[in-house]
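Undergrad: Quick one: the structure is below, questions incoming.
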Amino acid sequence: MAAPLEIDPPGGPDDDESPKLRSVGDVQREMARVYRAMRKGRIAIAEGNGLTQTLQYLAKTTADAASEDLAKRLDEIEERLAAH
C-alpha cells in the first residue's frame with residue numbers, strides 16, 4: 001500500500017514549517033485541518049487519529065498554562081488590593 005500523502009508537504013506552496021499553535025483556538029483549527037485531510041483521503045485515518053490525539057494533549061497543556069497564568073495574575077491583583 002502506498003504511503004498516504006502528507007497534510008502539507010514540506011516545501012510545498014502552503015509550506016508552514018511551524019504552524020502557530022499558541023492558543024486552544026489555534027490547536028482547534030489545526031485539528032479541523034487534520035479532520036478535513038482525513039475526510040478527503042489525503043492522510044490515513046490512523047495517522048490523523050495520532051495527530052489529533054497529539055493536538056488534544058497540546059490543547060490541554062495550552063489551556064492548563066493559560067489557567068495557571070490567569071490564577072497568577074489574579075493572585076497579584078488580590079495582593080495589590082490587599083496592600084491598599
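The values are calculated or read from the model by the stated rules, or taken from the named source; none is laboratory data. These numbers come from a predicted model, not from an experiment. Counting neighbours? That spans all protein chains shown, and the Cβs are built from the backbone with ideal geometry, glycine included.
Undergrad: Just checking, which of 5, 21, 55 is touching a helix residue (DSSP H, G or I) at 6+ places or on another chain (Cβ under 8 Å) and either at pLDDT below 90 or in a loop (DSSP other than H, G, I, E, B) (or both)?
TA: On the way: 5 fails: touching a helix residue (DSSP H, G or I) at 6+ places or on another chain (Cβ under 8 Å); 55 fails: either at pLDDT below 90 or in a loop (DSSP other than H, G, I, E, B) (or both).
One residue alone meets the criteria, 21.
Undergrad: If only one of 46, 63, 59 is out of contact with any Ser or Thr (no Cβ under 6 Å at 6 or more places or on another chain) and loosely packed, with under 13 Cβ neighbours inside 10 Å, which one is it?
TA: Answer to the check: 46.
Undergrad: To continue, here is another question. Output the residues belonging to region 25-42 that are touching a helix residue (DSSP H, G or I) at 6+ places or on another chain (Cβ under 6 Å) and either at pLDDT below 90 or farther than 11 Å from residue 58 by Cβ (or both).
TA: Of everything in region 25-42, those that are touching a helix residue (DSSP H, G or I) at 6+ places or on another chain (Cβ under 6 Å) and either at pLDDT below 90 or farther than 11 Å from residue 58 by Cβ (or both) turn out to be 34, 38.
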